[in-house]
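Student: Before anything else, here's the structure in question.
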Amino acid sequence: MPLSLVRIDDRLIHGQVVLGWGRVLKPDRIVVANDRVAENDWERRLYQASVPAPTETEFFTVKEASARIQSGVFENAKTLLLFESIADLHRSAEAGARFEEVNVGGLHYREGARAVLPYVYLSDSDRTLLKDMIARGIKFMARDIPGNPAVDLSSLVCEPAADPPTGA
């Protein structure tokens, strides 16, 4: 069974993930691929407390998660895989992990980032990394919650930043 959802969300585990995607996908486990969180016991406990039983929660560095993806270990159960940033996902792809489609669920305002959707802000670096991964055949769909329509990011990434579309 392939990964149920690969998602980029700067908040990692939160209500949209647990209540929105969790209720629809019913994952057996949620895996966070993030160096900082993997090495911070307090953050791991905080995120684990947000996930209802019986869903397992695992935390790995990006390098560790990439190796596990390549080995197929996540395919033995319904797995929701979370990355905090486009850069983390790109590092995973560079390390050999393969992704067909990635959900971009929330990249919020930060210095140097411009809105392409109300819940997706991209920096120039984000755009460069996305273009590289799109060229490798990875499809990026922006969707914050399951009930909202998916937006293909490839056209938004390749054109100059403008006002975010309304109603997205």
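Please treat every number below as a calculation from the coordinates, not as lab data. Being a predicted model, the structure only gives us computed values, none of them experimental. Cβ: placed from backbone, ideal geometry, glycine included. Neighbour counts: every protein chain shown.
Student: Please list 3J(HN,Hα) in residue order for segment 39-46, calculated via the Karplus relation 6.51 cos²θ - 1.76 cosθ + 1.60 where θ = phi - 60°; whole Hz, with x for glycine and proline.
Tutor: 9, 10, 4, 4, 5, 4, 4, 4
Student: Just to check I understand the Karplus step: with θ = phi - 60° and J = 6.51 cos²θ - 1.76 cosθ + 1.60, what whole-Hz values come out for segment 106-117, glycine and proline as x?
Tutor: x, 10, 8, 4, 8, 3, x, 9, 10, 5, 10, 8
Student: Considering only DSSP states other than H, G, I, E and B, which GluC sites (Glu not before Pro) in segment 30-75 qualify as loop sites with at most 11 other Cβ atoms within 10 Å?
Tutor: Numbers: sites: GLU39, GLU43, GLU56, GLU58, GLU64, GLU75; in loops: GLU39.
Answer by residue number: GLU39.
Student: Within segment 92-160, report the chymotrypsin sites (Phe, Trp or Tyr not before Pro) that DSSP leaves as loop and that have at most 12 other Cβ atoms within 10 Å.
Tutor: Details: sites: PHE99, TYR109, TYR119, TYR121, PHE140; in loops: PHE99, TYR109, TYR119.
Answer by residue number: TYR109.
Student: Please report, largest first and rounded to whole Å, the three semi-axes of the ellipsoid equivalent to segment 5-157, where each semi-axis is the square root of five times an eigenvalue of the C-alpha gyration tensor. Please list the in-between numbers first.
Tutor: Numbers: eigenvalues 103, 62, 47 Å².
Ellipsoid semi-axes (Å, largest first): 23, 18, 15.
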